[in-house]
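One structure is given here, and the rest of the page talks about it.
Derivation of every value follows stated rules applied to the coordinates shown; laboratory data play no part. Because the structure is predicted, anything quoted here is derived from the model rather than measured. Heads up, the Cβs are rebuilt from the backbone with ideal geometry, glycines too, and the neighbour counts pull from every protein chain shown.
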Amino acid sequence: MFSYRHAFHAGNHADVLKHTVLIATLRHLLQKDTALAVLDTHAGTGLYRLDGDFASTSGEAAHGITRLLEQPEQALAPMLQDYVQMVRHFNGERQGSKLRNYPGSPALLHHLLRGQDHLRLCELLPVDARALAGNMLQLQELQQSMGSKPCQLQVLTEDGFAAVKRFLPPPSRRGLLLCDPSYEIKSDYGKVVALIDESLRRFATGCYAVWYPIVARHEAHDLPKRLKVLAEKAGKNWLHATLTVKGGRQLAGLPGSGMFLINPPYVLKESLGQVLPQLVQWLGQDKYAGFTLESAGL
Ligand SMILES: C[S@@+](CC[C@H](N)C(=O)[O-])C[C@H]1O[C@@H](n2cnc3c(N)ncnc32)[C@H](O)[C@@H]1O
């Protein structure tokens, strides 16, 4: 069915952008005590071994998270410091730029959420869903053994695009949705737009974060434009950040990616204004490296 396995890409430049934004967004939402409901529609396996067969074959982390670990931590913008410290947390005592583990979005979310919060993780590929369930169980047990109450967790082997019908709006009326498909099927782009459209109708005050690849495909090019139209039609603020690390057409691999947020934290744009130039400086691979940052209503 699917050939995409996130383990090949864990810790690459796209994960750096996505997870840095995700952590900062969640931290902001967690400033209030009221329960938060988080839905990760395309979860992957949650935790990745960077010394395992998948990741070491592709070596993508070497051009992503590893580059940041090579910088003196105090040189990093605060949002990047937070991200790097979180990744280090999943590597125990290991320091330096050699990592064994890379936390995916489920592990990061689980680490930050509190006992009163809900985390729902959808992963359609059964083998990855089983690995996800095992990894999350371990994280829950670890947290309990350290005396803290883990968040209320559900791992679902189901289509994340359909999950919004069941889970939105959340009873607490506070929620974050991360939509991070692999886009290996062209129809994923249209499904993302339909998902955000439906989500905004069901739960207009939710915070929505969509990751997408910057590739030479008109569906990818149109996606942020279509999301802007939806946000503006609903009268919602939006924020759009992209990071390109190399010239696209002639080179192998993903040249860049974007994060599109609806109802983003109001502080995020300013913080990203510091983060993105640093990512271009340290993750950029050629003269085409660059970033964009735009918003409405902020
Ligand atoms: C880009 S990866 C997710 C990475 C993860 N969000 C992270 O940041 O660590 C996308 C995942 O979605 C899964 N997937 C594909 N179609 C899906 C669907 N319709 N519903 C749920 N999961 C799906 C794939 O098997 C893959 O593991």
Which links in Lys191/Lys225; Lys18/Lys233; Lys165/Lys233; Lys98/Lys246; Lys246/Lys287; Lys18/Lys269 stretch past 18 Å when you go from one Cα to the other? Lys18/Lys233; Lys165/Lys233; Lys98/Lys246
Let me have the 222 nm mean residue ellipticity of the chain computed from DSSP H runs of 4+ only, each contributing -39500 (n - 2.57), with the sum over all residues rounded to the nearest 500. -13000 deg cm²/dmol
Just need log10 I(q)/I(0) for region 193-298 at q = 0.09, 0.10, 0.12, 0.22 Å⁻¹, Debye formula, equal scatterers on the alpha-carbon atoms, no solvent, rounded to two decimals. -0.24, -0.30, -0.43, -1.15
Say R0 is 51 Å: what FRET efficiency, to the nearest 0.05, do Arg173 and Tyr288 get from their beta-carbon distance? 0.75
How many percent of DSSP beta bridges within the chain run antiparallel, rounded to 5? 60 percent
Overall Cα dimensions of region 1-152, principal axis frame, Å, largest first: 43, 38, 26
Mean-position separation - Cα centroids, region 1-37 and region 75-118, in angstrom: 10 Å
Expected unfolding gain across Arg100-Gln85 under the 0.36 nm per residue rule, minus the alpha-carbon gap, is 4.0 nm
What does the convex hull of the Cα atoms come to per residue for region 249-298, in Å³? 92 Å³
For Ser187 and Glu158, what does the FRET efficiency come to when R0 = 25 Å and r is the distance between their Cβ atoms, rounded to the nearest 0.05? 0.90
Just the Cα atoms of region 101-257: what Rg and Dmax do they give in Å? 17.1, 52
Rank the residues His6, His13, His218, His89 as a footprinting-exposure proxy: fewest other Cβ atoms within 10 Å of their Cβ go first. His218, His89, His6, His13
q = 0.07, 0.10, 0.13, 0.15 Å⁻¹: log10 I(q)/I(0) that the Debye formula gives for the chain, counting C-alpha atoms only: -0.23, -0.49, -0.88, -1.24
Lys165-Met146 pseudo-label distance in nm [points 7 Å out on the Cα-to-Cβ vector]: 3.9 nm
Order the peptides 116-123, 14-21 from the highest to the lowest mean number of other Cβ atoms within 10 Å of their residues. 14-21, 116-123
Between the modelled labels at Lys233 and His218 (7 Å from Cα along Cα→Cβ) the distance in nm is 2.0 nm
